[in-house]
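These notes concern the structure reproduced below.
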Amino acid sequence: MSGMTDESQMTRRAALGALGALGVAAAGGFVMGAPATARAQVLGLNESVQETMKRLFGDRPIKDGEALVKVDFPPIAENGSVVPISVTVDSPMTPASYVKNIYIVADKNRIPFVTRVTLAPEAGRAFMGANIRLGETGDLRAIAEQSDGTLLMVKREVKVTVGGCGG
Amino acid sequence: MADSDKVRLRLPSTIKAGDVVQVRALVLHPMERVERDAQGRIIQKNYNYVNKVIVTYLGKTILSFDTSQGVAENPFFSFTFRATAPGPLKVEFLDTSGGRFERTVDIKFS
Amino acid sequence: MRWAGLVALCAACAGPAGNAPDTAGLPPWTSRAIPEARGEFQVMPDGKRQAVRYRGWSTRDFNFRTYAYDDKRPEPAVQAVTMPAGLTGNPRLGFALFLSRAKGPCTGCHLIPGDDVWPAGNVGPDQSTIGDRNVTDQYLYQVIWDPRVFFPNTSMPPWGTVGVLSPEEVMHLVAYLQTLKGPVPPEKDPDRNPLTRRKPMGFGDNLDPTNNPAVLLADGAEAVWAAKGPAGKACADCHEGGVAKAMKGVATRYPKFVKAYRRVMSIEDFLTVHGPETTGRPLLAESTDNINLSMLIRRASNGMPVNVDTESPEARAAIARGKATFDRRVGERNHACADCHTVERGANKFLGGRLLADVTSGLTRHFPLWRTDRSEVWDMRKRLQWCMTPLGMNMLAADSIEYAELELYLTTFDNGKPLSVPGIRH
């Protein structure tokens, strides 16, 4: 993929190796630039967030990201079907120093991994927004991976409103 | 042929060279959720959901989303790009059934 | 003071002064809705009646008063009862019942202590220190069984009278409530308490096609507008210049009394008769084409003030009937719309996690709207039909005159305010 250095290619291969055990998420195609094709998916049982974090990051240290990672998560979600979120990470986004991945993980989702945004410096800003699903009240995490491999995490509790008498 | 009717993109009407531009994108898609049988076991089938979003600018992939079923139905995504030169910005959504939805916008400076 | 056994008090005294609405002159109406929207029933092989409703909706036959003009059933008779002797309430079971969504839940209206109590409402008084008030078990039992004995016009349902709670269950609740004594621990989380909870933020710009999928569906209806129906004509043949131009201003006058059909009609109602008589398309109420065309037609008036007729004799009569419906207690819960949607009662308070809307703010001008929780477009009628769930009452046909006149009454509060269709809500 043009625009990425050799160093990042190596890191990508290492990351893919770690992701190899991911099952359905990896089967969908974490390979950059290659279109996903239809394939049978083998779905695992519910995965705990600890298992998800282990699979994504192994034993790598994860630092507190409060200084650099700004998350816009609603404190209360009106329903769990559509929860608008966004994340901005303070970063120069130059080839020498940029955010290469932002992960969103929902602790209480049956499959805690929600999305991973992979960025090149051309993105200009380490920013992502998405509408996600939340199964129930619980912590929502944003983990930013910098180009030098540093992992930074921020998490917030999101309360999910379950229907009242009228839904 | 990629189904562009189901995709909407929104960008600012005025873009200047060098701006970091925010793009909002929506694709109509069921994002099928995992179903369980009466005993609570997951029903094994090929669930149809968008699992990849690829953003290409001036021919280079500049960012992508890998997504699970944890993204909402009719998913909305937002991202930025640095507008270095006029040219095409393409957003492609790929799903697990081989579906492809894309829209391209021609970036012009004003 | 002892209450001797069950005494059925005067049923007519139980509700607001019952002047039956004057429905003379209203035509009978055969529904032109899709089968699941007609409020019909089918008899199953075992002889039980089961409702034909939208997929996923309850099929229960709620055997309580409805909005139908010919439904002459009274409210459930008020029951004064004596707490049964020999039953002991279990506070633990009472706590579970208080939270149970199969019952109230009581937390829908009443706050109680507990870090995990989420989300409790404040339509009714906070019960966190009810145990300090030293009221008798008998008093609490009666209030839960049928509060109308003490509070004749209360919003609180008569849980025992209508059979939602059994005597044993009420005993458990009484025992639980009597344990709730102060001091209440300081609130760790301001969102837990409905009085300090942050209000919902909504779902952003309803007219942004990257935010509201309903906008794309409305765009898609342009093809229906332009396509020839079975009779060989398209909407566009008579309504020239594109829908935005041809329909500009039209929706501001709906719902309205349509002389040819002698009844009030919304845009959706009108399409069910106008479609077949012009293009030959059925455009059944609650069909996809009907709802999407309604969005297309209504949004042509976006930004223009709602301007429904409130002056003609027909409009006045319909609005009076619509208001009577709004104030009418119905269903297993014995609620009126007014119980939730007026500021004197529930409006602007939380019902569980939902902020209740005030009818005077105007509740119709953003319909049809996208329901994010359902991934569907709902028109006003489907929203009214859904209210049967919190009320415990059988829904009527989507295009029924009762709903049309109720909708007209609601729309009078939108007069002067700008249309913005499609909306987007939870």
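Values computed for the structure shown
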| item | result |
| --- | --- |
| Net lengthening on full extension, C:Val117/C:Tyr54 (0.36 nm per residue, minus Cα-Cα) | 19.5 nm |
| Extension gain, C:Leu93 back to C:Ala260 (0.36 nm per residue minus Cα-Cα distance, nm) | 54.2 nm |
| Among the listed pairs C:Lys228/C:Lys417; B:Lys6/C:Lys245; A:Lys100/B:Lys90; B:Lys16/B:Lys60, those beyond 31 Å (Cα-Cα) | C:Lys228/C:Lys417 |
| Using a Förster distance of 35 Å, the FRET efficiency for A:Ala67-B:Arg33 (Cβ separation, nearest 0.05) | 0.45 |
| Cα pair distances in segment C:79-178, grouped into 5 Å bins until the bin that holds the longest one, percent each | 3, 13, 25, 29, 21, 8, 2, 0 |
| Calculated FRET efficiency for the pair C:Glu222/C:Val273, C-beta based, R₀ 22 Å, to 0.05 | 0.50 |
| Partners for B:Lys45 among lysines (Cα-Cα distance below 24 Å; same-chain residues under 8 apart left out) | A:Lys108 |
| All-pairs alpha carbon distance profile, segment C:207-426, 5 Å steps from 0, percent | 1, 7, 14, 19, 20, 18, 11, 6, 3, 1, 0 |
| Proximal charge balance of C:Asn212 [Cβ under 12 Å; K/R count +1, D/E count -1] | +3 |
| Label point at C:Ser166 placed 7 Å out along Cα→Cβ; residues across segment C:75-89 whose backbone nitrogen lies under 15 Å | C:84, C:87-89 |
| Computed FRET value (nearest 0.05) for B:Asp3 with A:Asn46, which takes r as the C-beta separation and R₀ as 35 Å | 0.60 |
| Hydrodynamic radius (Kirkwood) for segment A:112-160, which is based on Cα pairs only, to one decimal in Å | 12.6 Å |
| Largest-first ellipsoid semi-axes for segment C:233-339, taking √(5λ) over the Cα gyration tensor eigenvalues, angstrom | 29, 17, 14 |
| Calculated P(r) tail over 45 Å for the protein assembly as shown, as whole % of Cα pairs | 31 percent |
| Descending semi-axes in whole angstrom, ellipsoid equivalent of segment A:47-160, from the Cα gyration tensor | 23, 16, 11 |
| C-alpha long axis of helix C:313-327 to longest principal axis of chain C, angle in ° | 30 degrees |
| Fewest-first ranking of B:Asp3, A:Asp59, using other Cβ atoms within 10 Å as the exposure measure | A:Asp59, B:Asp3 |
| Diffusion coefficient, µm² s⁻¹, Stokes-Einstein with Kirkwood Rh over alpha-carbon pairs of chain C at 37 °C and 0.692 mPa s | 140 µm²/s |
| Ranked A:Met153, C:Met247, A:Met128, criterion: other C-beta atoms within 10 Å, fewest first | A:Met153, C:Met247, A:Met128 |
| Footprinting exposure proxy for C:His239, B:His29 (fewest neighbouring C-beta atoms within 10 Å first) | C:His239, B:His29 |
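Just so you know, all these numbers are worked out from the coordinates, no wet-lab data involved. Model, not experiment: these values are computed from the prediction. No Cβ is skipped: glycine too gets one built from the backbone with ideal geometry, and neighbour counts run over all protein chains shown.
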